[in-house]
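To start, the structure itself, in structure tokens.
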Amino acid sequence: MKLSKFQAPKGVSEYFPPSSIQFEYVRDLLLQKAKNAGYSLIELPVFEETEVFTRGVGESTDVVSKEMYTFEDRGGRSITLRPEGTAGVMRAVIEHNLDKGQLPVKLFYSGAFFRAERPQAGRYRQFYQVGIEAIGYDDPEIDVEVIAVAENAFRELGLKQFTLNITSLGDSKSREAHRKDLVKFISNLNLDEATAQRARLNPLRLFDDKREEIKSLMSDAPLLMDYLSDESANHFNKVKSLLDSLNISYQVNPRMVRGLDYYTGTTFEFDHPLLGAQSGIGGGGRYDGLMGSLGGSDLSGIGFGLGVDRVLMACNAEKCLPTVIDPINLFIAPITQAAKSFSFKLISELRNSGIRCDMAYGDRGLKGAMKAADKSGAIFALVIGDDEITTGKCEIKEMSSGNIISSKLDVSDLISKLGNSN
Ligand code: HAM
């Protein structure tokens, strides 16, 4: 009986050659920008004790109430695949006392995240994020540094059409004053029980409701922006003027609510208009109470998560990625058995000198070997037969033009020749 073919689980994003090189390019550029701004790698487990997320992210959120992959491990502990990165980073910062050293603690991470959402274009059950977190100070300068790292990375990728929405969710004083009026406003609405329950957990959630009837009910709701304490308003004004000073365009959107409960103060979202319903390419904000709620000190922090899958989709929609990314330098096509052994040693030497190269395997003859060279995307190709071994001379062909750029080159000079053209 023939086994049926396995398929990947529903709704996961997968990357394989040749397009995986674009994924890698986008992810690495996002990471590079974080490193450039002084952030250091933190590598964490993809699963945590469930309570890290229920307490950290909040029970009123869709992420916690509907989308977590939660299971009991063999020791009977409740474990959850990480739906986002910030709560786990805070857990690690507290556990390993990173907050007791130099502040701010500036960390970056990348990897897979898991949310049991209904799959659609740009919305996956396993997706990839690059994130940063800056913990320890609440200077407006840090808010803008975080936003600028993302903005700068998007620009460097060549993206032009993205937008940035910002708002302030204020400090606890602002939120308390607003919450009182918002709860009163909501108590006069005719809501179904599930929605009312969500509102009881976090009344701000109703601003995030996608249903038209709720949107219209909420159109006159009091806005947090009108309740900002002097301190919060000053902080937000400073953020705006710092963004202006860096020529970063933004829109203030007082109705923006992020999908996670830990946010306070400055929050932001980047959207891309060519991505349809799943237009959020990244977002983040400040989270003043998160560390405390996970049992740590009361330090403030701010960060972002950028959706690598969606940023890649945006780059494809704007056609802004380079057509050739990081090609190998040289492909060697040996056409006899002796040439194969010779080439095998040669590529090892070339690789040890830092030259990216590969060779044809199998006994395919000249035509097959050149086809392999073509497919490899290499910049240069080199055919090696018995003559080349005897004379020690070879010809380097530039694959894009088909021109021979070096005839009768000493094989021993290959390293210096290709090293220069790197
Ligand atoms: P988030 O807005 O939930 O924030 O996710 C950040 C980004 O991840 C989104 O803007 C989107 O690009 C991508 N994303 C989220 N869910 C999916 C999905 N199902 N499929 C594909 N992409 C998705 C956070 O996760 C926060 N931890 C960000 C943060 C860091 N805030 C402060 N520090």
Options Asn316, Asn329; residue that is touching a residue at least 60 places away in the same chain (Cβ under 8 Å) and surrounded by fewer than 16 Cβ atoms within 10 Å (Cβ to Cβ): Asn316
Search result, residues across segment 120-150 that are aromatic (Phe, Trp, Tyr) and out of contact with any helix residue (DSSP H, G or I) (no Cβ under 9 Å at 6 or more places or on another chain): Tyr137
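Go over the candidates Ile135, Ile142 one by one and state the one that is assigned by TED's automatic domain parsing to the domain that holds Leu103 and within 21 Å of Asp244 (Cβ to Cβ).
The conditions single out Ile142.
Among the residues of segment 358-369, is any under 34 Å from the mean Cα position of the chain (by Cα), not acidic (Asp, Glu) and not in a strand (DSSP E or B)? Spell out how you get there, then give the answer.
Filtering segment 358-369 for residues under 34 Å from the mean Cα position of the chain (by Cα) gives 358-359.
This time we only want the ones that are not acidic (Asp, Glu), so: 359.
Still in the running and not in a strand (DSSP E or B): none.
No, segment 358-369 contains no residue that is under 34 Å from the mean Cα position of the chain (by Cα), not acidic (Asp, Glu) and not in a strand (DSSP E or B).
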Residue match in segment 148-164 (condition: open to solvent by 10 Å² or more (accessible area, probe 1.4 Å), within 11 Å of the ligand (Cβ to nearest atom) and of a type in the set (A, V, I, L, M)): no
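Please tell me if Arg258 is away from the ligand (no atom under 14 Å from the Cβ) and basic (Lys, Arg). Spell out how you get there, then give the answer.
Working: away from the ligand (no atom under 14 Å from the Cβ): no; basic (Lys, Arg): yes.
In short, no.
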Wholly within segment 67-131, strands (runs of 3 or more DSSP E) carrying at least 1 residues that are within 16 Å of the ligand (Cβ to nearest atom) and open to solvent by 30 Å² or more (accessible area, probe 1.4 Å): 78-81, 105-114
Ser348 being free of Cβ contacts under 8 Å to residues at least 24 places away in the same chain, among the hydroxyl-bearing types (Ser, Thr, Tyr) and either outside any strand (DSSP E or B) or out of contact with any strand residue (DSSP E or B) (no Cβ under 7 Å at 6 or more places or on another chain) (or both): yes
One residue from Gly419, Gly365, Gly377, Gly385 being without any contact (Cβ under 8 Å) to a residue 40 or more places away in the chain and not aliphatic (A, V, I, L, M): Gly365
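Listed residues Glu43, Glu14, Glu24; which is open to solvent by 30 Å² or more (accessible area, probe 1.4 Å), assigned to a helix (DSSP H, G or I) and closer than 17 Å to Val308 by Cβ?
The match here is Glu24.
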Residues (surrounded by 24 or more Cβ atoms within 10 Å (Cβ to Cβ) and not in a helix (DSSP H, G or I)) located in segment 289-302: Gly301, Ile302
Any hit, segment 302-309, residues being within 16 Å of the ligand (Cβ to nearest atom) and farther than 21 Å from Asp28 by Cβ: yes
Out of Glu395, Glu388, sole residue that is part of a helix (DSSP H, G or I), modelled with pLDDT under 95 and surrounded by 14 or more Cβ atoms within 10 Å (Cβ to Cβ): Glu388
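The values are calculated or read from the model by the stated rules, or taken from the named source; none is laboratory data. Nothing here was measured: the structure is a model prediction, and the numbers come from that model. Virtual Cβ from ideal backbone geometry, glycine too; neighbours counted across all protein chains shown. To get the accessible areas, we keep the full protein, side chains included, count just its heavy atoms, and leave off ligands, DNA and RNA. Shrake-Rupley method; radii C 1.70, N 1.55, O 1.52, S 1.80 Å.
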